[in-house]
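The values are calculated or read from the model by the stated rules, or taken from the named source; none is laboratory data. Quick caveat, the model's predicted, so the values are computed rather than measured. Backbone-built Cβ (ideal geometry, glycine too); neighbour counts: all protein chains shown.
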């Protein structure tokens with residue numbers, strides 16, 4: 001998209017606004033979805049690819065075409081055309097209902113991206129962004145430098161947009177929605193461009209426009225030529241307020257966008273997906289957006305949640321965890337791939353949503369500068385891979401418990417659980433191999449060391465009183481044996 005500049009350096013900082021109008025935001029979201037660095041995923045052989053067919057977005061109330069792709073334009077379909085006429089022009093026409101919430105989510109995503117380079121952004125849902133830019137020009141060495149940086153940010157999204165600057169929010173909005181596509185801070189030019197617009201291009205309602213037309217006022221120049229006092233006498237106060245805000249004489253209050261504290265991103269697919277191997281590609285697109293969200297905030301998250309929307313079926317939820325916490329898309333993608341191996345789709349997927357409910361500050365791993373590399377995976381990263389592959393319940397960690405009974409001294413806990421080490425004496429010799437059930441001693445042995453009395457367990461009705469010995473049998477094996485209070489002998493373990 002070509003840009004036009006009429007910039008000049010000025011000592012005084014006059015108010016200047018920039019409006020971005022996205023006329024095909026839902027269609028662009030379906031066709032591209034995410035920044036252009038992420039390619040559209042290839043479809044599986046039996047997936048229905050729709051990007052080459054005529055596609056229109058239809059307004060459900062007026063039954064008219066709102067948005068359409070190039071294939072539909074080539075077939076002769078135009079915006080405002082009824083569904084019957086459009087279907088007659090292309091028998092393979094694909095029709096999707098207009099969803100304003102899809103456009104609003106995409107609008108927030110673009111605002112989040114632009115917030116990296118500009119501070120004051122106001123949302124005009126479902127398809128417009130207003131930027132206050134006069135306070136940013138010194139940072140970018142003027143209007144030309146500012147627009148160059150902003151345009152580079154917009155280039156990441158393959159979306160159609162119209163743009164214009166103006167001396168007021170209303171002025172910039174009118175010029176952008178009429179596709180002026182120029183950036184200027186020259187006030188006489190901006191005023192002239194506003195003046196030649198018709199009243200139907202403004203935000204005035206149809207009743208007010210007709211009322212003004214009856215007295216010979218058809219353009220904004222005609223309206224702005226009237227003194228505000230005369231307008232106040234003949235029309236209501238809303239028109240006076242609008243005219244004052246349009247010219248910049250009245251203050252126009254704005255609610256500016258603040259970045260989201262939690263990540264949540266929705267992606268509607270252009271085609272339905274029935275196989276999990278194809279599902280990974282749009283998931284990677286969402287993970288790339290998650291990485292950018294976490295990276296600019298210096299955060300990481302330990303759990304992400306995919307919501308998979310199925311046609312004519314309940315949505316599926318896929319939780320992916322990382323014991324260490326990650327922010328990089330590639331690492332989350334490898335964990336997600338392992339989870340997908342156990343997922344069965346009950347119906348085709350038409351949309352995805354990714355959320356990260358909790359996040360924490362990222363602190364880099366601290367290691368000795370002179371220590372050798374100990375591998376590509378940390379302990380917690382390995383645990384995360386095993387849990388993703390085998391299931392969280394299949395992985396446990398063995399710790400020492402404060403119980404001297406040999407059968408109960410080892411305790412299994414989840415590996416990511418932070419456990420405070422018990423102050424347990426480990427001086428007594430213990431064998432490497434413990435029998436799950438002690439076996440009666442049925443051979444001759446020579447006692448080498450002992451006894452060591454263990455008398456405990458009175459608190460849970462599993463009391464034991466045993467005298468343990470280290471012994472050696474005739475084959476040279478070292479055994480851990482014990483004698484009960486009624487002089488019965490058992491073997492309980494073997495030393496390596």
Working only within the range 132-152, note down all residues that are outside any helix (DSSP H, G or I) and within 20 Å of residue 162 (Cα to Cα). 132, 133, 134
Scan the range 289-301 residue by residue and report those that are farther than 20 Å from residue 153 by Cβ and buried (at least 19 other Cβ atoms within 10 Å of the Cβ). 300, 301
Give, as residue ranges, the strands (runs of 3 or more DSSP E) completely inside the range 417-496 that count at least 3 residues that are modelled with pLDDT of 90 or more and surrounded by 11 or more Cβ atoms within 10 Å (Cβ to Cβ). 464-473, 478-484, 489-494
Identify, please: which residue in the range 100-123 is more than 16 Å from residue 153 (Cβ to Cβ), in contact (Cβ under 8 Å) with a residue 60 or more places away in the chain and in contact with a strand residue (DSSP E or B) (Cβ under 9 Å, 6 or more places away or on another chain) and is, among those, surrounded by the most Cβ atoms within 10 Å (Cβ to Cβ)? 102
Residue pairs qualifying under the 8 Å Cβ cut-off, at least six apart or on distinct chains, with the first in the range 245-256 being touching a residue at least 24 places away in the same chain (Cβ under 8 Å) and not assigned by TED's automatic domain parsing to the domain that holds residue 120 and the second being part of a loop (DSSP other than H, G, I, E, B) and exposed (fewer than 10 other Cβ atoms within 10 Å of the Cβ), are none
Do we have residue 170 as in contact (Cβ under 8 Å) with a residue 60 or more places away in the chain, closer than 29 Å to residue 28 by Cα and touching a strand residue (DSSP E or B) at 6+ places or on another chain (Cβ under 6 Å) here? no
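For the range 398-413: of the residues being assigned to a loop (DSSP other than H, G, I, E, B) and at pLDDT below 75, which is farthest from residue 436 (Cα to Cα)?
If we take residues in the range 398-413 being assigned to a loop (DSSP other than H, G, I, E, B) and at pLDDT below 75, then 402 is farthest from residue 436 (Cα to Cα).
Filter the range 325-344 for residues that are within 14 Å of residue 295 (Cβ to Cβ), assigned to a loop (DSSP other than H, G, I, E, B) and in contact with a strand residue (DSSP E or B) (Cβ under 8 Å, 6 or more places away or on another chain) and give the result. Reasoning before the result, please.
So in the range 325-344, the residues within 14 Å of residue 295 (Cβ to Cβ) come out as 325-332.
If we keep only those that are assigned to a loop (DSSP other than H, G, I, E, B) too, we end up with 327-328.
If the condition is that a residue be within 14 Å of residue 295 (Cβ to Cβ), assigned to a loop (DSSP other than H, G, I, E, B) and in contact with a strand residue (DSSP E or B) (Cβ under 8 Å, 6 or more places away or on another chain), then 327 is the only one that fits.
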Looking at the range 197-212, is at least one residue in a loop (DSSP other than H, G, I, E, B) and free of Cβ contacts under 8 Å to residues at least 24 places away in the same chain? yes
Can you name the number of the only condition in (1) at pLDDT below 75; (2) over 21 Å from residue 301 (Cα atoms); (3) in a loop (DSSP other than H, G, I, E, B) that residue 347 fails? (1)
Could you tell me whether the range 232-252 includes any residue that is buried (at least 19 other Cβ atoms within 10 Å of the Cβ) and part of a strand (DSSP E or B)? no
Which number in (1) over 20 Å from the mean Cα position of the chain (by Cα); (2) over 30 Å from residue 360 (Cα atoms) marks the one condition that residue 278 misses? (1)
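Being within 24 Å of the chain's Cα centre (by Cα), modelled with pLDDT of 95 or more, buried (at least 20 other Cβ atoms within 10 Å of the Cβ) and outside the structural domain of residue 296 (by TED's automatic domain parsing) is the requirement here; does residue 170 meet it? First the steps, then the outcome.
Details: within 24 Å of the chain's Cα centre (by Cα): no; modelled with pLDDT of 95 or more: yes; buried (at least 20 other Cβ atoms within 10 Å of the Cβ): yes; outside the structural domain of residue 296 (by TED's automatic domain parsing): yes.
Against the criterion (within 24 Å of the chain's Cα centre (by Cα), modelled with pLDDT of 95 or more, buried (at least 20 other Cβ atoms within 10 Å of the Cβ) and outside the structural domain of residue 296 (by TED's automatic domain parsing)), residue 170 does not qualify.
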